[in-house]
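Beneath this line is the structure, given in structure tokens, with notes to follow.
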Amino acid sequence: MAAGGESRGVPGVGAHLADGLHRFFDSDLWHSFTRSPVALVSAVVTVVFVGCTLFAPLVAPHNPFDLASVDLLDAEIPPLWLDGGDARFLLGTDDQGRDVLSAVIYGARISLGVSFAAVLLAMTLGISLGLLSGYLGGTVDAVIMRIADVQLTFPAILIALLIDGLSRSVLPRDLHSDIWFYVLVLAIGLSFWVQYARTVRGSVMVERNKEYVQAARVIGIPPLLIMVRHVLPNVMGPVLVIATINLAIAVITEATLSFLGVGVPPTSPSLGTLVRVGQDFLFSGSWWMTIFPGAALAILVLAVNLLGDWLRDALNPKLR
């Protein structure tokens with residue numbers, strides 16, 4: 001009987017999945033996406049960046065951080081199409097003989113990894129506090145919103161610098177070098193939670209007075225379960241838009257911290273670190289060392305921002 005039940009359950013799961021995919025491809029969101037050239041191009045660029053970072057060891061021509069494969073005699077080789085270019089290095093090399101194209105791919109991997117984790121942390125913290133603030137109200141709402149108001153008076157980059165500076169002063173240098181990823185994620189994530197909290201709070205304050213929430217209260221469903229199961233799915237639209245746009249801001253924030261020398265350590269450079277190192281050679285003629293990492297950073301942020309703009313318009317019922 002158990003085997004028969006399992007065999008009958010498998011087609012049910014597949015049917016639900018197929019039905020979900022069919023409804024998605026028939027939705028207004030998918031129709032809007034396929035009719036928007038800007039969204040399509042932005043999605044392709046974003047997918048290419050994410051794919052290259054996920055499969056960096058397979059995509060990158062060289063491993064720029066493998067000291068055994070780096071030769072100082074290859075330092076400052078110009079891009080392939082310039083005089084003195086080398087076919088081994090399409091975008092040239094830096095002052096240490098590392099392939100710039102490979103460094104950009106690995107650098108984007110670090111930048112996107114930190115940014116994704118920071119946005120996930122900000123979403124989790126902001127949504128949780130926003131749900132509590134909007135649903136419970138009263139003193140809980142007042143305390144959370146006053147903390148949010150205080151944080152909004154400081155730019156996100158200053159908050160990130162403060163958290164990173166505190167970690168450097170409190171933690172031993174060797175320990176900080178080992179946990180720099182978590183410090184950056186914490187610094188950037190704690191800078192962005194306010195937007196999620198305020199947005200979710202406003203939506204929850206509208207939803208909590210609707211009939212389906214009142215009915216859930218009447219039948220005795222606990223408040224936490226009401227917030228997670230009934231209210232949260234109805235406030236996720238604006239949150240997804242904020243998360244998309246915040247991903248681009250997080251990439252910029254991480255690059256800024258690394259450019260200032262307080263982010264990613266030099267042994268694991270991100271795009272911001274590559275730009276900082278390359279600027280020392282910008283006026284000596286080796287412009288490719290900073291231009292290509294900077295261009296990759298600008299293209300990535302622009303693509304994610306354009307996707308966020310499209311998603312905001314697509315989820316706005318007034319524009320349909």
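The values are calculated or read from the model by the stated rules, or taken from the named source; none is laboratory data. Here the structure is a predicted model, which means the values were calculated and not measured. Glycine also receives a Cβ, built like all others from the backbone with ideal geometry; neighbour counts cover every protein chain displayed. Remember, those area values only see protein heavy atoms, side chains included, never the ligands or the DNA or RNA. Shrake-Rupley method; radii C 1.70, N 1.55, O 1.52, S 1.80 Å.
Going by the conditions given, is Leu101 open to solvent by 30 Å² or more (accessible area, probe 1.4 Å), farther than 16 Å from Val275 by Cβ and of a type in the set (A, V, I, L, M, F, W, C)? Taking the combined requirement at face value, the residue does not satisfy it. Among the small types (Gly, Ala, Ser), touching a helix residue (DSSP H, G or I) at 6+ places or on another chain (Cβ under 8 Å) and closer than 22 Å to Ala243 by Cβ: does that describe Ala56? Spelling it out, it is not the case that Ala56 is among the small types (Gly, Ala, Ser), touching a helix residue (DSSP H, G or I) at 6+ places or on another chain (Cβ under 8 Å) and closer than 22 Å to Ala243 by Cβ. Just so you know, in segment 62-111 the residues that are among the β-branched types (Val, Ile, Thr), touching a strand residue (DSSP E or B) at 6+ places or on another chain (Cβ under 8 Å) and not in a helix (DSSP H, G or I) include one that is nearest to Tyr182 (Cα to Cα), and it is Thr93. Taking segment 180-274 as the region of interest, the helices (runs of 4 or more DSSP H) fully inside it that hold 2 or more residues being within 14 Å of the chain's Cα centre (by Cα) are 180-207, 236-259. For segment 153-179, a residue qualifies if it is surrounded by fewer than 15 Cβ atoms within 10 Å (Cβ to Cβ), among the aliphatic types (A, V, I, L, M) and not in a loop (DSSP other than H, G, I, E, B), and the qualifying residues are Leu158, Leu162, Leu166, Val170, Leu175. Within segment 283-314, the set of residues being aromatic (Phe, Trp, Tyr) and either in contact with a His (Cβ under 6 Å, 6 or more places away or on another chain) or under 16 Å from Pro269 (Cα atoms) (or both) comprises Phe292 only.
Output the number of residues of segment 287-320 satisfying the condition of being modelled with pLDDT under 80 and surrounded by 20 or more Cβ atoms within 10 Å (Cβ to Cβ). Qualifying residue count, segment 287-320: 1. Looking only at segment 184-221, residues that are open to solvent by 70 Å² or more (accessible area, probe 1.4 Å), β-branched (Val, Ile, Thr) and in contact with a Gly (Cβ under 8 Å, 6 or more places away or on another chain) come to 0 in all.
Have a look at Ser133, Ser128 and point out the one that is open to solvent by 20 Å² or more (accessible area, probe 1.4 Å) and of a type in the set (Ser, Thr, Tyr). Of the residues listed, the single one that is open to solvent by 20 Å² or more (accessible area, probe 1.4 Å) and of a type in the set (Ser, Thr, Tyr) is Ser128.
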